[in-house]
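Participant: Before I ask anything, let me first share the structure, which is written out below as structure tokens.
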């Protein structure tokens, strides 16, 4: 396999994973970004391409945001 085919194949997998992350993030966006509560379906569709491209960053920030309330509750006890 030459390097061009390998690059395109890797890019294809990167974007496939990104599309999956974008779908999940569209459901979780109100929990991750509190100011996005009440966002419409159109808003979620508009942010999806950016999420698909920047999915590694989105995954890290989403995990941190979803774990943050658990840390605060732990310290409150």
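Taken together, the values in this text are just the output of simple stated rules run on the coordinates, not laboratory data. The structure presented is a predicted model; accordingly, all values stated were derived computationally and were not measured. Using ideal geometry, Cβ is built from the backbone for each residue, glycine included, and neighbour counts are taken over all protein chains shown.
Participant: For residue 8, indicate whether it is within 11 Å of the chain's Cα centre (by Cα) and assigned to a helix (DSSP H, G or I). Please lay out each step first, then the result.
Facilitator: Values: within 11 Å of the chain's Cα centre (by Cα): no; assigned to a helix (DSSP H, G or I): yes.
So residue 8 fails the test.
Participant: Tally time: how many residues in segment 18-52 are out of contact with any helix residue (DSSP H, G or I) (no Cβ under 6 Å at 6 or more places or on another chain) and part of a helix (DSSP H, G or I)? First the steps, then the outcome.
Facilitator: Just the residues of segment 18-52 that are out of contact with any helix residue (DSSP H, G or I) (no Cβ under 6 Å at 6 or more places or on another chain), to begin with: 20, 23-24, 27-28, 31, 33-35, 38-43, 45-47, 49-50.
Add one more test, that the residue is part of a helix (DSSP H, G or I), and what stays is 20, 23-24, 27-28, 31, 34-35, 41-43, 45-47, 49-50.
Looking only at that region, the number is 16.
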